[in-house]
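Here's the structure, in structure tokens; my notes come after.
The values are calculated or read from the model by the stated rules, or taken from the named source; none is laboratory data. All values derive from a computational prediction rather than experimental measurement. All Cβ positions, glycine included, derive from the backbone under ideal geometry; neighbour counts span all protein chains shown.
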Amino acid sequence: MASNPGSGAPAPLAIEARGIVKRFDGFTAVDGVDLTVPEGAIYGILGPNGAGKTTTLRMLLGIIDPDEGVRRILGAERPHDVAHAIGYLPEERGLYPSMKAYEAIAFVGALRGLPLREGRERGRALLEEHGLGFAADRQIRQLSKGMAQQVQILGTLVHEPRLVVFDEPFSGLDALNQGRLEKMIRGLADKGTTVIFSTHVIAHAERLCDEVAIIAGGKVPFAGPVDVARDRIRPQVRLETRVADGAWRAALPADARHEPKKDAGNFWYFSLPESGVEPLLRALIEGEAGILSLSIERAGLHDAFVAIAGEAAAKALEENSEEEAAR
Amino acid sequence: MSGRLSTLQAAFVIARRDFGAILFSRSFLFFLLGPLFPVLVGAMAGGVGQRVQETAQRPELGIAMEARDVDAMAAAHKALEAQLGEQLPRIRVVERVEPGKPFNAIGALQSGSADVAAIVVGTPAKPELVGSEALIRQWRGPVAMIAAQASAGATTDYPEVSLMGTTSSAANERRGHLLTAQAAQTLLFLLTMLLAGMVLSNLVEEKGNKIIEILAAAIPMDAVFFGKLFAMLAISIVGIAVWGSVGGGLFLAAGDRMPELTEPAVGWPLFFALGVIYFATAYLLLGSVFLSIGSLAATVREVQTISMPVTMMQLVVFFLASYAMTQPGSPVEIFAVTFPFSSPFAMLARAAQDPAIWPHVLALCWQVLCVYLFVRIGARMFRSRVMKSGHGPASAKKKGLFRRKLAASA
């Protein structure tokens, strides 16, 4: 969790949600979700399509109200009371096709309370800054899809919000623009802006986030720092021995996977026992297992996701990523 | 950083954007030209209708003189009609007055017992024409010709026709008020339907642009709805100003050839003011319903499907208001005045027929309250029924008209 520099005290919360529930015609879309997002953090909501990410974000932003539970955004119980301090990029991107790029940015700013004239000036400046100055006076319908998406992202930021919410921000962007967006998100966090985004791509969350909430089937089985999620999984051991059997085998977990090598030696794959690596090593050496190689790898977020959300959710997540890549 | 917007300020942001976008769009040009077609069709139909009306329901001139004068006037009319045809008013014998006995022409006109538009009394040598100011001025010449022919058998010396104006005959006045009310109601109905349709297509376009979620996240949906309604209202005011200028120009150019409407009971200035206000409330009432429909529907086809019953209902409401207008004070009229969607139409008709002002104040308060309620309900429905999903699970999709985005999502 982020903390106040120097004080060690927990950072104030940008978002706090307790037990929020949303039902649609008998279907529980979000089921008792708890979230705490520290100010200044980059926070990811990770889950497959249909898990409840968008509904959760919409409740946090006040687009819809939860049926149960409470939410507090930047200290306000009614999100629209702090709308001027929030920027939001929905998953379904949209702008008025006949608007000029700089006017579109200014309009989104005006919705958040930024005076129109100032919004126009900032709109032009932001477009220049991001290499789109030449398109400032072009209508949205004349821009490429990628450029229009960038215009919308700039509109999300034009009023300099304290909290930025992105719903699947990387969806539909090419690799180059995904990299740019990652850089932009880091830049926002460096300035103290809280960024929360939903994604079904683990790599983005792993690279960017301080904290994540893993969501599946409308529930959040895990919410907290990425490192804590990874630590839910024991480090994975890959051991290569010359000998296939001996008293040392008792030191290996019962579910250790054994793969004999063709020529000589044996591979063993297992989670590091809770007792740690030292007792294991001692048993291998004293039992004369003939250690050829030994590697211990910390679990990735993907493994953590599988362990926390289950195989089905992980499979759905992979399928979403593949579909996205195919598009 | 920016400051928090009030609902009114937020509605203004939406209204400003919509107003500018529509005003400078091609569709606004079609919007301006829109009423031209019904006017042309109406003018053509009206031309035929007027012709029929002229022959079937030409106002008649009553004659109330001594028996021999009546006969002389009738013979003179017959002789002149052969030459002048419809230039002469049709005549009807109202009474063969006994010699020396006076005849109360004003009373006969106001009670409606004579069932004529004006009455000529006196003698052919000294005729007196009694009727509404406009009509007796129009008939002064023909009556002088008939009287001259009746008195001397020649049309060389025309007698002086003295005129006695009544405000108008009771029957004529009632008919005139009804006609004014009918014209105002029809105009109101056409304008309202035209605009409510535009507001609907505007919102559908908005949904197509997928910008609605950005709006909903930034400002209350009530503000979005109010902003859209008032933008279109402002557009309509521009439209009315243009149409009014063109219409006024045509009216001036046409001069006497334009049909004359009877002055409404509340007087023309207040009637115009009430017309604009009732137009605004009628539009806001219907627009708020259309907005709710537009926000609930996912596609243009769905909008058409859902809006059809509402359009039909509005037609029924129009017919109800038209019928109620002929039954002032009846339960039907009370219902038409109270039912929100027919209230503006019925009240405008009432303004043409009844000089009382307080019912309008009451009706306007009621109509404004209804607009507010409809917008709130529409915004609430939008929030609860539409903003449900990102990528809903495939199994939960397309369960029904409003459930395309049923399942919660992403």
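Structural remarks
- Residue satisfying all of: in the range A:262-312; under 26 Å from residue A:232 (Cβ atoms) and charged (D, E, K, R); modelled with the highest pLDDT among these: A:278
- Looking across the range A:171-200, the residues that are closer than 21 Å to residue A:321 by Cβ and either small (Gly, Ala, Ser) or over 15 Å from the mean Cα position of the chain (by Cα) (or both) come down to A:171, A:172, A:173, A:174, A:175, A:176, A:177, A:179, A:180, A:198.
- You will find that of A:193, A:199, the residue that is closer than 16 Å to residue A:91 by Cα, hydroxyl-bearing (Ser, Thr, Tyr) and in contact with a strand residue (DSSP E or B) (Cβ under 8 Å, 6 or more places away or on another chain) is A:199 and no other.
- Hey, residue B:210 farther than 23 Å from residue B:343 by Cα, within 14 Å of another protein chain (Cβ to nearest Cβ) and basic (Lys, Arg) or not: yes
- Hey, residue A:111 more than 25 Å from the chain's Cα centre (by Cα) and either more than 9 Å from chain B (Cβ to nearest Cβ) or crowded, with 24+ Cβ neighbours inside 10 Å (or both) or not: yes
- Among the conditions (1) at pLDDT 85 or above; (2) within 31 Å of the chain's Cα centre (by Cα), the only one that residue B:72 does not satisfy is (2).
- Selection from the range A:118-130 of residues that are modelled with pLDDT under 95 and assigned to a helix (DSSP H, G or I): A:129
- Any hit, the range A:198-207, residues being more than 30 Å from residue A:312 (Cα to Cα), among the small types (Gly, Ala, Ser) and surrounded by fewer than 20 Cβ atoms within 10 Å (Cβ to Cβ): no
- Residue satisfying condition, being more than 14 Å from chain A (Cβ to nearest Cβ) and more than 18 Å from the chain's Cα centre (by Cα), within set B:279, B:290, B:272, B:318: B:290
- Within the range B:1-17, the set of residues being in contact with a Phe, Trp or Tyr (Cβ under 9 Å, 6 or more places away or on another chain), part of a helix (DSSP H, G or I) and surrounded by 13 or more Cβ atoms within 10 Å (Cβ to Cβ) comprises B:7, B:10, B:11, B:12, B:13, B:14, B:15, B:17.
- Complete set of residues in the range A:139-172 that are among the charged types (D, E, K, R), buried (at least 21 other Cβ atoms within 10 Å of the Cβ) and assigned to a loop (DSSP other than H, G, I, E, B): A:168
- Residue under evaluation residue B:145, criteria (1) crowded, with 22+ Cβ neighbours inside 10 Å; (2) touching a Ser or Thr at 6+ places or on another chain (Cβ under 8 Å); (3) at pLDDT 75 or above, criterion not met: (1)
- A Cβ distance below 6 Å, combined with a sequence gap of six or more or placement on separate chains, defines the contacts here; from the range A:46-71, residues that are within 14 Å of residue B:213 (Cβ to Cβ) and more than 7 Å from every other protein chain (Cβ to nearest Cβ) reach residues that are part of a loop (DSSP other than H, G, I, E, B) and at pLDDT 90 or above in the pairs A:59/A:66.
- Each residue in the range A:88-102 was checked for being in contact with a Gly (Cβ under 8 Å, 6 or more places away or on another chain) and either polar (S, T, N, Q) or more than 9 Å from every other protein chain (Cβ to nearest Cβ) (or both), and 2 pass.
- All positions within the range A:74-87 that are among the small types (Gly, Ala, Ser), more than 7 Å from chain B (Cβ to nearest Cβ) and not in a strand (DSSP E or B): A:75
- Residues in the range A:83-101 that are in contact (Cβ under 8 Å) with a residue 40 or more places away in the chain and of a type in the set (A, V, I, L, M, F, W, C) were compared, and the one that is surrounded by the most Cβ atoms within 10 Å (Cβ to Cβ) is A:101.
- Checked against (1) in a helix (DSSP H, G or I); (2) in contact with a helix residue (DSSP H, G or I) (Cβ under 8 Å, 6 or more places away or on another chain), residue B:64 passes all but condition (1).
- Screening B:308, B:313, B:325, B:347 for residues that are in contact (Cβ under 8 Å) with a residue 12 or more places away in the chain and surrounded by fewer than 18 Cβ atoms within 10 Å (Cβ to Cβ) leaves exactly one candidate, B:313.
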